[in-house]
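Any read-out appearing in this document is the output of simple, stated calculations on the displayed coordinates, not a laboratory observation. Everything numeric in this text was worked out from a predicted model, so none of it was measured. As a convention, Cβ positions derive from the backbone with ideal geometry for all residues, glycine included, and neighbour counts pool all protein chains shown.
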């Protein structure tokens, strides 16, 4: 269970953790049951002198029931998992909520480039803030990201968000996240991208509105920073 | 043993006639595009290709004399190919889909000689 | 010396022919995968129709004719083999090989003209597919031709006549592949 | 346990002593051992080539697990594992273990050895094609090993070889390495196409008189179905390999996005084969354990026909699930839903197979010989692999687990039982038939426990690391502060130590093979396990030509404890 090892800091992180828990419970039940019966049989039916084996072909219905009923139950469990899985998938990958801001993320051998919209909160304007291996986001805001790759496949993975999306050269893939807690965490490249794959580490800085505004102010090339700060605080 | 069945039938089939039919179809498929109608071209091109393939498979490969399962075997393989196409086309054939786009890239144009 | 296993025919198809059907089956997916990829790109990039316009339909048509004719020879050879006339079967197989050679010559000429005109395998992905698909098919033609010569040699001595049908089936398959390559690469514009 | 290994020679066949077929004359050393057409000798060639490759693959594991546990150390016998060496090691480890160990041993070796014996004929239908397929396979193995030492080092783009990384030398820095890797894999496919056609044709056409569809031993069925799956799925990848090879060496742009190609196409071509491939290697192992469990539980296989149809179902379904390897790889998210459905569906037939194994044990009289232990361990461990697969097949959860060590641990919990446990099960079970001598039970059991326990100790920590978000194919986690924390490093060290223990215990196996093989007297007899299938009718080891006279088949393969017989087994070749 991921939450045992690291925090869940995005709005959908807990959904994924719950889905994983659901699956764990359902398959865990079947797993324990099967292994239990399996080992019990091995013990119960061990070789004993003079005891002859029962002649069971399992071809008649009375016997087949013992495997056909369970596997209908397995099907039922699958349906639960299926509904949960598709729900979570839909929320993360298919349905994108309205964004406050959009960032561009570019993977290349072997570094991440992040383009922040800057003070005016609009991407591709003069005041964009470009950083390497540092993504600064504000807690509690919906971000869209436009994911690109320069050379080979990369994969933008933020474990605390439970988010992963491959970056494909020649494609622009859009996704979203909304952080729910502040802190500094790993960003990984989760798709092998050559010799430097193991060096392609970035950090995500999830900041409170104030410190985020401060960061923008410090980074932004213009003096608009002040007004920008104001606007960020009120929305 | 289907060999004997084969012996019996081979003499009935007139291979030369089938060959002539195939040539006729070939001419049609070449002539098709000259009508300059997209639909007609496609029909004459691929419809006729399918007919030709059918004739060759049936009469030259003698699939008609084989046990059914030989035909089903080959058809299954075709089904897998179509399955592959159906599942891959949404990614490879399309230029945009849900939450992703393939910006058109300038393809190196082959030099044109007239 | 042939194992006894080879002489059994539980499945109702003589072993050799059954194996050839499996060969054809696995070839279907090989060409199927390549052509499926081609069709995807082709439908995704309408401008490819323009590139296809530079292919030479007449050469393609001639090659189709050549292959159809060689297929006829192959099946007539099978007929002769069934009738037990190894000599005639061998002659017809040689004629089929002649078809193979003709096919390759025409293709060679066609490719040289196209390459001289500047349409090389790296010009763009259409031409890449054009040369790859046709080249893969040409390899099958070459292989088929060689095997056919070997079969003809034995058939001449009235030995292993059943092989005449086996190589025939393979040859018809190569023919069918071309029957689809022809519209895919030449006609559809 | 002693009485189990005691040879049972009370076979009606042993009455009529026969020597090898007259028409299989004596042969020279070269034609017997180097260029054989005898299916048993070719099986041995595959078996030992496969084991040699397994040693190479195992050594690679040793090298990069040491690096992961103790980053930057000078690994004894190998040296420092640099990033590009690390990539090459993991890539070739994966490739070797799947294509040059699991395939040749499970399908080619056991297929070659068992199919003709079990269906009661004297050889494969095409002995020369059979020999050719091994020679191509050997060539491919050599090319692969060479590719590791060429200029620039071995290919480091993972066994999936996703372009553009695999397509362009300036990205991978291993131009020659990747091309040779691709050539080796393609050659190997061609070898197995030839082999597969041979297996399928033999099993379809050359069965003993009287052997109907439902009298075929499950392992033969499984190898045949696996070969069919292979033939039907590998085509697109062969086409893809040709395209990728030209991208690498001629400069075409099939997968190059800069010139209008699409890297995703390769992923589909690869996984359309790659997923059925899992079942290609799984099924033979399932068949092997089914046969062994029936023999040592003295039971009929529960619901033979259901088991068979379930396998067909699995085979067909396995063609419809491949994109679950690509959920977050940039495919259209709508497609992911379809593939989630099919993927979860496939859990049904697999679950049913496990139920059948369990039901087979019911009411049996189970003897825990070494082969039986391996076979049971296969089922027990494979269940872990099966259930953890659900997490990855469910698209929502896969968003997190994709490309983490959870995936790695999951498929090692499937492939290890398949390739290693299944192989040991089959090898220890048929060793008497292969060499006419029994293996040492005690050493066998030591080796068993010495392999199974460390195996779990290796991969359960990796499940934890995967849940902690540790992603794959990284030579050192020092650059990722969250993953470099000591508690995680301890898990890595623990896994590596367990691995060393497991590798150490393999020596017991080779020692056991050696002394058993060196034994003076052939103590196995024809049918040491008192089993039913036809291979136990032949001499041990069977002569060229297998049977004194080819047997006739009268009944199903699992007639154990048949009422009204004082013997608790009823060989297939005995007239009623």
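Contour minus end-to-end for residue C:87 and residue C:142, with contour as 0.36 nm per residue of separation and end-to-end as the Cα-Cα distance? Kindly include the intermediate steps, with their values, before the conclusion.
Details: separation 55, 0.36 × 55 = 19.80 nm, distance 2.30 nm.
In short, 17.5 nm is gained.
For the protein assembly as shown, what is the Kirkwood hydrodynamic radius in Å, using each pair of distinct C-alpha atoms?
31.4 Å
Given C-alpha coordinates of region D:259-389, what is the ratio Rg to Rh with the Kirkwood estimate of Rh?
Using Cα coordinates only, the ratio equals 1.09.
Using the 2.2 N^0.38 Å rule of thumb for compact globular proteins, work out how region D:265-333 stacks up: its C-alpha Rg over that value, please.
Compared with the compact-globule rule of thumb, region D:265-333 sits at 1.47.
What residues of region D:310-344 lie in the reach of a label at residue B:98, counting those whose backbone N is under 11 Å from a point 7 Å from the Cα along Cα→Cβ?
Only D:332-339 pass the distance filter.
Mind pulling the angle between the C-alpha long axis of helix D:422-435 and the longest principal axis of chain D? Nearest 10 degrees, somewhere in 0 to 90.
40 degrees
Could you order the peptides C:44-55, C:2-13 from most to least packed, using the average number of other C-beta atoms within 10 Å per residue?
C:2-13, C:44-55
I'd like to compare D:238-247, D:501-510: which one has the highest average count of other Cβ atoms within 10 Å, and what's the full order after that? Mind showing how you got there, number by number?
Numbers: D:238-247: 23.0, D:501-510: 16.2.
Going from most to least packed, we get D:238-247, D:501-510.
State the percent of C-alpha pairs, over all pairs in region D:33-537, separated by a distance greater than 42 angstrom.
14 percent
Taking the inverse of the average 1/r across all pairs of different Cα atoms in region D:453-524, what Kirkwood radius in Å do you get?
Working: mean 1/r = 0.0682 Å⁻¹.
Radius from the Kirkwood sum: 14.7 Å.
To the nearest 10 degrees, how steep is helix D:218-249 against the longest Cα principal axis of chain D, on a 0 to 90 scale?
The angle comes out near 30 degrees.
Computed FRET efficiency, Cβ-Cβ of residue A:133 and residue A:100, R0 22 Å: what is it to the nearest 0.05?
0.40
Under a crude label model (7 Å from the Cα following the beta-carbon direction), how far is residue D:151 from residue B:14 in nanometres?
6.6 nm
Give or take rounding to whole Å, what are the principal axis extents of the alpha carbon atoms in region B:2-98, in descending order?
59, 36, 12 Å, listed from the longest principal axis down.
Averaged over its residues, how many other protein chain Cβ atoms are within 10 Å of peptide A:169-180's Cβ atoms?
Partner Cβ neighbours, averaged per residue: 5.
Listing D:68, D:193, C:92 from the residue with the fewest other Cβ atoms within 10 Å to the one with the most, what is the order?
D:68, D:193, C:92
Sticking to Cα atoms, compute the Rg of region D:169-292 to one decimal and its Dmax as the biggest Cα-Cα distance, whole number, in Å.
18.5, 61
Any idea what the alpha-carbon Rg over 2.2 N^0.38 Å comes to for region A:95-224?
1.00
What FRET efficiency do you get for residue B:75 and residue D:576 if R0 is 60 Å and r is their Cβ-Cβ distance, rounded to the nearest 0.05?
Once the sixth-power term is evaluated, E becomes 0.90.
On C-alpha positions alone, give me the angle between the axis of helix D:263-297 and the longest principal axis of chain D, in degrees, nearest 10.
Around 30 degrees separate the two axes.
If each residue of separation counts as 0.36 nm, what is the full-extension length gain between residue D:507 and residue D:128 once their alpha-carbon separation is subtracted?
Stretched fully, the residue D:507-residue D:128 segment lengthens by 132.9 nm.
Principal axis extents for region D:116-167, Cα atoms only, whole Å, descending order, please.
Taking max minus min along each principal axis of the Cα atoms, region D:116-167 gives 49, 21, 15 Å.
When you take every Cα atom in region D:267-306, what is the radius of gyration, and what is Dmax, the widest Cα pair distance, in Å?
14.7, 46
Could you grab the relative contact order for region C:13-187? Cα pairs under 8 Å, six or more apart, rounded to a whole percent.
That works out to 33 percent.
Below 8 Å, C-alpha to C-alpha, sequence gap of six or more: please give me the relative contact order for region B:2-98 in percent. Can you show the working numbers first?
Working: 33 pairs, mean separation 23.9, N = 97.
Computed over region B:2-98, the figure is 25 percent.
Quick one: which of A:101-113, D:84-96, D:477-489, A:38-50 comes out on top by average Cβ neighbours within 10 Å, and what's the full order, highest first?
Sorting A:101-113, D:84-96, D:477-489, A:38-50 by mean packing, highest first, produces D:84-96, A:101-113, D:477-489, A:38-50.
Give me the orientation-averaged projected area of the Cα convex hull of chain A, in nm², one decimal.
18.7 nm²
For peptide D:171-181, what's the mean number of Cβ atoms from other chains within 10 Å of each residue's Cβ?
1
What's the exposure ranking of D:310, D:340, C:122, going from fewest to most Cβ atoms within 10 Å?
C:122, D:310, D:340
Under the definition of partner shielding as Cβ atoms of other protein chains within 10 Å of a residue Cβ, what is the mean value for peptide D:192-202?
4
Per 5 Å bin, what is the whole-percent P(r) computed from every C-alpha pair distance within region C:72-189?
Over region C:72-189, the share of Cα pairs per 5 Å bin runs 2, 12, 20, 19, 14, 11, 9, 7, 4, 2, 0 percent.
Kirkwood hydrodynamic radius, region A:2-94, all distinct C-alpha pairs: what's the number in Å?
Numbers: mean 1/r = 0.0593 Å⁻¹.
Roughly 16.9 Å, rounded to one decimal.
By counting other Cβ atoms within 10 Å of each Cβ, how are D:299, D:168, B:58 ranked from fewest to most?
Placing the least packed residue first, the sequence is B:58, D:168, D:299.
Write down, largest first, the equivalent ellipsoid semi-axes of region A:24-74 in whole Å, where each equals the square root of 5 times an eigenvalue of the alpha-carbon gyration tensor.
In descending order the semi-axes read 25, 18, 4 Å.
Any chance you could list P(r) for region D:147-210, counting all Cα-Cα pairs in 5 angstrom bins from zero, rounded to whole %?
It works out to 4, 18, 19, 15, 9, 8, 8, 7, 6, 4, 3, 1, 0, in whole percents.
Can you give the alpha-carbon Rg of region D:193-233 over 2.2 N^0.38 Å, where N counts its residues?
1.14
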